[in-house]
Amino acid sequence: MQALNSSNSGIIITDNALPDNPIIYCNKAFENITGYHYDEIIGHNCRFLQSHDRSQPEREKLRDAIENSKECRVEIRNYKKDGTLFWNELFVSPVKNNMGEITHFIGVQNDITERKNAEIQLRDEKASTEEKIAARTKELQDNEAFLSSIIQTVRESLLVLDSDYRVLSANKHFLSSFQVTETSTVGKILFELGNHQWDIEALKQLLMKILPTNNPVIDFEVTHDFPYIGRKVMLVNAYRIEFDGHFKDRILIAIEDITDRKEIEQRKDDFLSVASHELKTPLTSIKGLIEVLQRLKPENSSEKFISILDKVAGQADRLNLLINQLLDTSKIQSGHIELHKEPFEIDQLLSDTISNFKYGDSNHRINLRGKTNAIIHGDDLQISQVINNLLSNAIKYSPEDKVIDVQSDKVSNYVKVSVTDYGIGISRSDQAKIFDRFYRAQDIQQKFAGLGIGLYICQQIIVSHDGTLWVESEEGRGATFNFTLPIMKIQENEE
Ligand code: ADP
């Protein structure tokens with residue numbers, strides 16, 4: 001008994017021979033665990049520990065063990081004398097006499113409330129985490145369904161690639177545009193698709209940089225002859241996929257078919273080219289005839305007659321200039337711009353161009369400053385055309401002002417020429433577009449005549465001389481157009 005009392009586990013013994021199997025012994029630890037005194041325990045059936053909490057499934061297990069004389073272990077909710085709940089880990093084992101009859105049961109109990117609470121808490125947390133995961137998964141599935149429905153319906157071909165450039169998915173538009181099946185596309189490496197139409201070294205290089213650098217591929221033009229659909233011109237854009245602010249090892253490729261657009265552009269270019277050629281022929285004879293008229297005019301012609309003839313000649317020159325611009329644009333477009341490069345003195349070219357410059361009946365003063373002594377290797381007629389164009393614009397767009405400044409400088413191994421006017425200026429947003437073909441600033445369309453191709457031609461000429469052309473301007477405060485040209489050499493006798 002001493003030994004039983006010193007145990008930390010609560011121990012009871014019940015007498016199976018007496019009605020309702022009463023407790024006939026309990027140790028100290030049992031009193032401590034339950035809060036009941038020895039006198040309140042002896043004689044009672046163990047069930048008093050369950051208080052009102054009678055519907056626990058463990059009770060069945062207990063009853064079954066007792067009825068069938070078996071050992072059992074249960075974890076059961078019990079209540080102390082003061083009503084507080086404790087989890088009881090209860091071992092029950094029967095004691096038999098030498099006839100094999102059950103005389104007693106021994107119950108050993110441990111208060112496992114702390115462990116049980118921790119378990120319950122863990123279970124609750126697990127359940128709530130599972131709930132959260134399920135909710136998040138559902139959200140992701142919804143998002144994915146949403147995204148994939150967008151991807152499937154957009155009228156642009158889209159591909160998603162993994163980091164080995166293998167196609168993970170292709171949208172409907174891609175499959176129908178290129179007349180391919182999902183099985184011949186998905187799972188295949190992009191560069192091996194079809195008859196290797198995407199196996200383009202330059203595109204490969206750009207795509208390979210996407211994942212390590214996050215740099216997108218923007219408007220890469222691809223032309224290819226496809227087996228069933230023929231020749232296609234496409235713009236390829238590619239991005240690294242970003243999801244929830246994180247970059248993934250996935251590439252989204254968008255392919256825009258611009259074949260029709262290109263064809264329309266081509267037709268427009270062809271039309272412009274034919275139209276300007278057709279206009280040029282009669283105009284050349286008109287110009288010739290005006291010259292004849294000017295030469296043959298009677299001695300006693302009136303002032304008015306002479307001035308009208310001069311005006312007609314001036315307008316014919318203007319028309320000639322516009323038609324030449326149109327012809328130049330179509331030559332540039334078709335890649336037929338002809339450059340006759342020879343060394344020339346830029347200082348001389350500037351002063352000659354300025355002194356021969358005529359613009360309608362304008363009386364602007366053109367100041368030329370700076371001396372470079374530089375020899376440029378280039379087409380002097382084309383460079384002179386650039387200067388003429390910039391001067392015409394400077395005068396046209398500064399009707400209220402009468403001064404144009406032209407400055408030339410030697411900057412490192414370049415000549416820099418700047419043409420400044422003090423006229424209407426150019427807004428920041430227009431500055432980015434005025435070098436585009438046919439672009440004219442929005443608010444000047446009605447007020448100033450023009451085709452919007454002068455600067456485009458200038459740009460192409462300067463670029464084909466390895467120089468750059470750019471503008472600095474503030475709206476309402478004039479504009480400075482600058483261009484640079486690489487110096488071939490400096491005139492030795494001058495310096
Ligand atoms: P165009 O003068 O025939 O319209 P350009 O290609 O020469 O065509 O010029 C394109 C546009 O740039 C013009 O329509 C005008 O809006 C703007 N621009 C060019 N030069 C000037 C300038 N000196 N000052 C203000 N705007 C200018």
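Couple of notes before you dig in:
- In the range 108-173, Cα pairs under 8 Å separated by at least six residues give a relative contact order of 20 percent.
- Inter-centroid distance (Cα atoms) of the range 253-312 relative to the range 161-215, Å: 49
- Take the Cβ atoms of GLU338 and LYS209, set R0 to 45 Å, and the FRET efficiency comes out at 0.75.
- Helix 346-356 axis, angle to the chain major axis (alpha carbon atoms, nearest 10°): 60
- Selection among ILE308, LEU4, PRO94 by position relative to the dipole of the chain gives ILE308 as farthest towards the positive end (Cβ unit charges, Cα centre).
- Packing-based ranking, highest mean first, of 451-461, 328-338 given that Cβ atoms within 10 Å are counted: 451-461, 328-338
- Bridgeable lysines around LYS297 (alpha carbons under 24 Å apart, same-chain partners fewer than 8 residues away excluded): LYS287, LYS311, LYS358.
- Mean projected area of the convex hull spanned by the Cα atoms of the range 374-495, taken over all viewing directions: 8.0 nm².
- Put in line by how crowded their Cβ is, counting other Cβ atoms within 10 Å and starting with the fewest, VAL419, VAL222 read VAL222, VAL419.
- Under a model in which nothing but the beta-carbon of Lys, Arg (+1) and Asp, Glu (-1) is charged, the range 148-210 shows a dipole of about 140 debye around its Cα centre.
- Here the Karplus curve 6.51 cos²θ - 1.76 cosθ + 1.60, taken at θ = phi - 60°, turns the phi angles of the range 111-119 into couplings of 7, 10, 3, 4, 4, 5, 4, 4, 5 Hz, with x standing for Gly and Pro.
- Debye log10 I(q)/I(0) for the range 2-118, one point scatterer per Cα, at q = 0.18, 0.19, 0.23 Å⁻¹: -0.93, -1.05, -1.53
- Distance from the range 462-493 to the range 4-64 (C-alpha centre basis), Å: 104
- Net charge over other residues, Cβ less than 11 angstrom from the Cβ of CYS26 (K, R count +1; D, E count -1): -2
- Listed peptides 51-64, 72-85 by packing density, highest first (mean Cβ within 10 Å): 72-85, 51-64
- Förster radius 30 Å - calculated FRET efficiency between SER55 and SER128 (Cβ-Cβ, nearest 0.05): 0.70
- Full extension of the chain segment joining ASN413 with LYS138 gains 92.5 nm, where the gain is 0.36 nm per residue of separation less the Cα-Cα distance.
- Inter-probe distance in nm under a simple model that places probes 7 Å from Cα toward Cβ, at LYS80 and ARG267: 9.5
- Computed about the Cα centre, the dipole magnitude for the range 101-242 is approximately 480 debye when only Lys and Arg (+1) and Asp and Glu (-1) carry charge, each at its Cβ.
- Within the straight-line cut-off of under 22 Å between alpha carbons, the lysines reachable from LYS331 are LYS262, LYS268, LYS280, LYS341, LYS433, sequence neighbours fewer than 8 places apart in one chain being disregarded.
- 0 to 90° range, to nearest 10: angle between helix 303-333 axis and the chain longest Cα axis: 40
- Taking the average, over residues, of other Cβ atoms within 10 Å as the packing measure, peptides 251-264, 290-303, 359-372 rank 251-264, 359-372, 290-303 from highest down.
- Counting only residues at least eight positions apart within a chain, or on another chain, the aspartates and glutamates with an alpha carbon under 13 Å from that of LYS132 are ASP124.
- Label positions at LYS248 and ALA449, each projected 7 Å from the Cα along the C-beta direction, are separated by 5.9 nm.
- A Förster radius of 45 Å combined with the Cβ-Cβ distance from ASN117 to GLN152 puts the calculated FRET efficiency at roughly 0.30.
- Taking 10 °C and 1.306 mPa s as conditions, the chain diffuses translationally at an estimated 48 µm²/s according to Stokes-Einstein applied to its Kirkwood radius (Cα pairs).
- Scattering profile of the range 262-334 at q = 0.14, 0.16, 0.20 Å⁻¹ [log10 I(q)/I(0), Debye over alpha-carbon scatterers]: -0.55, -0.64, -0.82
- Dividing the convex hull volume of the alpha carbon atoms of the range 122-205 by its residue count gives 125 Å³ per residue.
- Contour minus Cα-Cα distance for ASP199 and ALA17 (0.36 nm per residue): 56.2 nm
- Farthest positive-ward along the chain dipole, Cα basis, beta-carbon charges - from SER148, LEU469, VAL292: VAL292
- Spin-label model distance (nm) - GLU291 vs ASP219, 7 Å beyond Cα toward Cβ: 4.3
Where a number appears in this text, it was derived from the coordinates with a stated rule and is not lab data. Because the structure is a prediction, the values reported are computed rather than measured. Backbone-built Cβ (ideal geometry, glycine too); neighbour counts: all protein chains shown.
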